[in-house]
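S.K.: Sharing a structure below in structure tokens format, with a few things to ask.
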Amino acid sequence: MIKAAREAVDLLIQAASSWQFDGALNGLRDREWMALRFLARANRFSRTPSALAQFVGTTRATASQTVKRLEDNGYVQRRSADQDKRSVILDVTPRGEKILASDPIAPLVHAIAALELGASNFRDLLRQILEQLDARKHRHHADSCRQCIFLTESATKRARRTQAEYTCRFFRADLSGAEVDLLCFNFEPWASTR
């Protein structure tokens, strides 16, 4: 078991070359790609400088420098949060969406999609590993709202059997069906391992 686990880690380290690299690809460094990917997949509550810093695993100052480079290239723009004008929300611009079409991790995404065991099974296995690592370090990771204890289906929509709408109990906010598959940094899993 340990031998197979070590071999799996060795393979993961080699696969990491698709998202960790020296220099720049298409004009962006690996941390800039990681930040742009996160902001494109994050929900409206998680597109903040502090959530970005936690996701990328860096300080807020370093994350701010990354955001500044993305802004200078026209890939990201800042705006004031609706509820608190002092807070900043980071939005990916159309130019940012366009550069994401040439994301260097695309071959990895396609390789995972083609797995015999299935992309969903692979995702679930990685989620289990991440939850174990998070529990050991007393931290949590970003994940989709669909997997979160704070997500509830709105009762008014359930009664009418129309397209489901949701509510985030953490933020006390309504969510559309499209939003529940986005990343949230306030995510708490249903079956917490902590």
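S.K.: In debye to the nearest 20, how big a dipole does the chain give about its Cα centre with +1 on each Lys and Arg Cβ and -1 on each Asp and Glu Cβ? Display every interim value, and only then the final one.
M.R.: On the way: 30 positive and 23 negative charges, 122 e Å.
Rounded to the nearest 20 debye, it is 580 debye.
S.K.: In the range 1-106, what chymotrypsin sites (Phe, Trp or Tyr not before Pro) fall in a loop by DSSP, with at most 15 other Cβ atoms inside 10 Å? Write down the numbers at each step before the final one.
M.R.: Values: sites: TRP19, PHE21, TRP33, PHE38, PHE45, PHE55, TYR75; in loops: TRP19, PHE21, PHE45, TYR75.
Filter output for the range 1-106: TRP19, PHE21.
S.K.: Related question: Rolling a 1.4 Å sphere over the protein heavy atoms, what is the accessible area per residue of the chain, to the nearest Å²?
M.R.: Numbers: 12320 Å² over 194 residues.
Result: 64 Å² per residue.
S.K.: Be a star and scan the range 23-54 for residues whose amide nitrogen sits under 13 Å from the point 7 Å along the Cα-to-Cβ vector of ARG78.
M.R.: In the range 23-54, the label zone of ARG78 (backbone N under 13 Å from the point 7 Å along Cα→Cβ) covers 48-50.
The values are calculated or read from the model by the stated rules, or taken from the named source; none is laboratory data. None of these values were measured; they are calculated from a predicted model. Ideal geometry is used to build each Cβ from the backbone, glycine not excepted, and the neighbour counts take in all protein chains shown. Just so you know, the surface numbers come from the protein's heavy atoms only, side chains and all, with ligands and any DNA or RNA stripped out. Shrake-Rupley method; radii C 1.70, N 1.55, O 1.52, S 1.80 Å.
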